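Chemist: Got a structure for you, questions after.
The values are calculated or read from the model by the stated rules, or taken from the named source; none is laboratory data. Computed from a predicted model, the values in this text were never measured in an experiment. With ideal geometry, Cβ positions are generated from the backbone for all residues, glycine too; neighbour counts draw on all protein chains shown. Areas reflect the complete protein model, heavy atoms only, side chains present, ligands, DNA and RNA absent. Shrake-Rupley method; radii C 1.70, N 1.55, O 1.52, S 1.80 Å.
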Amino acid sequence: MFKRITILILFVFSANVLFAQFPIKIEVNSDGSISESPVTKEGVKYIITITGTYSMWPQFEDCHGADAGYVYDVPQEEIDNLRWPPEYIEVGGFKIELVKLPHWVGDPKVWSIPPEEISTPMFKMSFRDYKGFRIDGEPIPNTGFQELTHRYQIEKIGTGNPFIFQILDSNRSIIEERTVPRYEDNCGFLTIDIEEVIVNNDDDDEEFDISVGNVDFRRNNDGKIDGRKIEVSIEIEDSTEIDGSKNILEDIPIDNIGIIYDGKIICDIDSIICNERTEPVSIGLLIDRTESMGGPISEEDMTQRMSASKEALKNFVEVLLDEDEAFVMSFSEDTRMDQTWTNDKTLLKDAIDGLEPDALTAVWGAINTAIDTLSLSDDPNRFLVVLSDGGNTFPPEWDESQVLIKAQSKNIKIFIVALGFSQLQIDQDGRAKLEQVAEVSGGKIFDVYNSEQLNTVYENLSEELTTEEDCFIYFSADSCEPGKEGWIRIIYAPNDSTIVTEVIKYKCPDEPNSVFWEIKSEYKDVENLNIFPNPTDSKIFIDFDSQKAENIIIKIVDLNGKEILNSDLGWIDIGKNSFEFDVSKLAQGSYQILFISNESIIAKKILIVK
């Protein structure tokens, strides 16, 4: 008898492998000193990964308490001695929430120390102004605290200047009326890995970019960690997409993706799931209301610019989700907030309807104001959509340090709708600068010369901004002992001369989530359990034979273990039983349905398709 042995051999051709040319590792000390990257290339995308922890207090000798995005632990001594705001205080029988941990370092609120409700404040603390890690003067987006890995990753576009990194730790002294540095008792540092996103050297080949996010863990019913979930993106250039790229992982067969886990090749991937957006977005709508907006769009379309813009913008607002928020800001010679942050679509559309053409164009001042307003939002998904119909004709004039650098540093994607720009030099110069603003932010500019194009641009923008292309790979692996460290490498070979690959390090948690794909369980009380149809887009039916009378609970959970549905069926008699559930509102993807009786749990996977 012969055994078949399969050997996987990876031949790497250096000319076309998409390893970054830039890569550099930088340490950012917690003493307030500034670290710089090498000079970046203008218009080139860079992936910046920040890991590690540091401390702002001498009590934490292991240098923990803060990471790149969050302050997550504060010595109780600091809180008790009124040197740090507590999570809450009780005044007059009321509970007032203050600084709840973990706390994002981009929070714009100013906190008094001690709290005004307790004593006369001596210091004022602002996370955004004085605390935490900064890239080009800005905090990283509020994407969620990574308790296990303390690893965060962002993309930035090069401007021809270095990236600037610093950790801030100061307070504002009320008595001395000055900012007081507090670096003397800090310890620890953050590690910055910067990678330039490059393409292969063969112009005839497609260009691929791979990135890997955080690793999540699940355990089975026996308490052992035997599952992994990892966020992966494999992108190609796509001019039809708003940001010029598309995540193709959903379209790649599972068998074409390779995983090396701690040196072992994982041959079977459980699933690849790409979900629709579940997180809200924050959008700033900046709208031109200058005198020229009262004219026709172009010679080919005599529709009034303002009328066409109102219609397209209101359609854009209509498709926002209920939890999304937006503001309406407009500009001519001045910049005006027409509707502050709200998720009320009627208010947003009323503000748009109220705009009327008037005076000259101060587009640079308006963009500066809109960026500053958006940057105060703690939503990681922030976008600025600018509609302008011509070059700047009113102060302030173009100032690269005030416009271009700000657009690059704030982690806000900016999309420009250039409506009916003429061939006059002032318009063409203005358009070129607007394109620079969009590109350095990771956004895009759209040239529009008729109402149909205008509607299409805003339709595409709404689709782009209200969906997400996050994909997750699920696979099983050996049990992960708490505290163990390791690595995972993702590999994709699209053709015979190109390999794209990325590696991520992980640390096994002490308390992983409780649910994963298959829960192994002994059960005797239920027989002939059938769940159909599967996949489904609307309803599922559950049939089973109960061997004894008992209470039954049905739960549906997602692959993160989050409970989506909980139905107590009550006391079930012996014999055949049947139940129906409406799952039409669930997003497309894989879920588990848990059948819980007095003495057993049965778990089965269901797939929702749209």
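Chemist: Considering Ile531, Ile473, which residue is closer than 30 Å to Ser546 by Cα and at pLDDT 80 or above?
Modeler: Ile531
Chemist: Checking Arg431 against (1) open to solvent by 60 Å² or more (accessible area, probe 1.4 Å); (2) basic (Lys, Arg); (3) farther than 25 Å from Ile230 by Cβ, only one condition comes out false. Which one?
Modeler: The number of the failed condition is (1).
Chemist: For segment 339-363, name all the residues that are assigned to a helix (DSSP H, G or I) and either in contact (Cβ under 8 Å) with a residue 60 or more places away in the chain or within 17 Å of Lys413 (Cβ to Cβ) (or both).
Modeler: Answer for segment 339-363, where residues must be assigned to a helix (DSSP H, G or I) and either in contact (Cβ under 8 Å) with a residue 60 or more places away in the chain or within 17 Å of Lys413 (Cβ to Cβ) (or both): Leu348, Ile352, Val363.
Chemist: Something else: Quick one: in segment 340-383, of everything that is among the aromatic types (Phe, Trp, Tyr) and in contact with a strand residue (DSSP E or B) (Cβ under 8 Å, 6 or more places away or on another chain), which residue is surrounded by the fewest Cβ atoms within 10 Å (Cβ to Cβ)?
Modeler: Taking the candidates together, the pick is Trp341.
Chemist: Then there is this: Please pick out the residue among Phe22, Phe13 that is open to solvent by less than 80 Å² (accessible area, probe 1.4 Å) and either assigned to a loop (DSSP other than H, G, I, E, B) or at pLDDT 90 or above (or both).
Modeler: On inspection, the qualifying residue turns out to be Phe22.
Chemist: Can you go through Asp67, Asp129 and tell me which one is surrounded by 21 or more Cβ atoms within 10 Å (Cβ to Cβ) and not aromatic (Phe, Trp, Tyr)?
Modeler: Asp67
Chemist: Another question, if that's okay. Within segment 36-46, can you find the residues that are touching a Ser or Thr at 6+ places or on another chain (Cβ under 8 Å), open to solvent by less than 30 Å² (accessible area, probe 1.4 Å) and in a loop (DSSP other than H, G, I, E, B)?
Modeler: Thr40
Chemist: Continuing with this model, one more query. Examine segment 418-438 for a residue that is closer than 30 Å to Phe217 by Cα and of a type in the set (Lys, Arg), and state whether such a residue exists.
Modeler: no
Chemist: Any residue at all in segment 132-142 that is farther than 30 Å from Ile194 by Cβ and of a type outside the set (Val, Ile, Thr)?
Modeler: Looking through segment 132-142, none of the residues is farther than 30 Å from Ile194 by Cβ and of a type outside the set (Val, Ile, Thr).
Chemist: Can you tell me which condition Ser441 does not meet? The list is (1) surrounded by 23 or more Cβ atoms within 10 Å (Cβ to Cβ); (2) of a type in the set (Gly, Ala, Ser); (3) over 25 Å from Ala312 (Cβ atoms), and all the others hold.
Modeler: So Ser441 meets the others, but not (3).
Chemist: Shifting gears a bit: Looking at (1) within 15 Å of Phe383 (Cα to Cα); (2) touching an Asp or Glu at 6+ places or on another chain (Cβ under 9 Å); (3) crowded, with 20+ Cβ neighbours inside 10 Å, which is the only condition Cys471 fails?
Modeler: Result: Cys471 fails condition (1) only.
Chemist: Same structure, new question: Filter segment 550-569 for residues that are open to solvent by less than 40 Å² (accessible area, probe 1.4 Å) and at pLDDT below 75 and give the result.
Modeler: Selection gives Glu550, Asp558, Leu559, Gly561.
Chemist: Can you tell me which residue is surrounded by the most Cβ atoms within 10 Å (Cβ to Cβ) among those in segment 153-170 that are at pLDDT 90 or above and part of a strand (DSSP E or B)?
Modeler: Ile167
Chemist: Where the second residue is open to solvent by less than 40 Å² (accessible area, probe 1.4 Å) and β-branched (Val, Ile, Thr) and the first is farther than 11 Å from Val105 by Cβ and assigned to a helix (DSSP H, G or I) and lies in segment 121-148, which pairs have Cβ atoms under 7 Å and are six or more apart or on separate chains?
Modeler: Going by the 7 Å Cβ cut-off, there are no qualifying pairs.
Chemist: Of the residues that sit in segment 47-96 and are in a strand (DSSP E or B) and without any contact (Cβ under 8 Å) to a residue 24 or more places away in the chain, which one is nearest to Asp169 (Cα to Cα)?
Modeler: If we take residues in segment 47-96 being in a strand (DSSP E or B) and without any contact (Cβ under 8 Å) to a residue 24 or more places away in the chain, then Tyr88 is nearest to Asp169 (Cα to Cα).
Chemist: (1) open to solvent by less than 40 Å² (accessible area, probe 1.4 Å); (2) farther than 23 Å from Ile367 by Cα: which one isn't true of Gly420, the others all being true?
Modeler: Unmet for Gly420, out of (1) open to solvent by less than 40 Å² (accessible area, probe 1.4 Å); (2) farther than 23 Å from Ile367 by Cα: (2).
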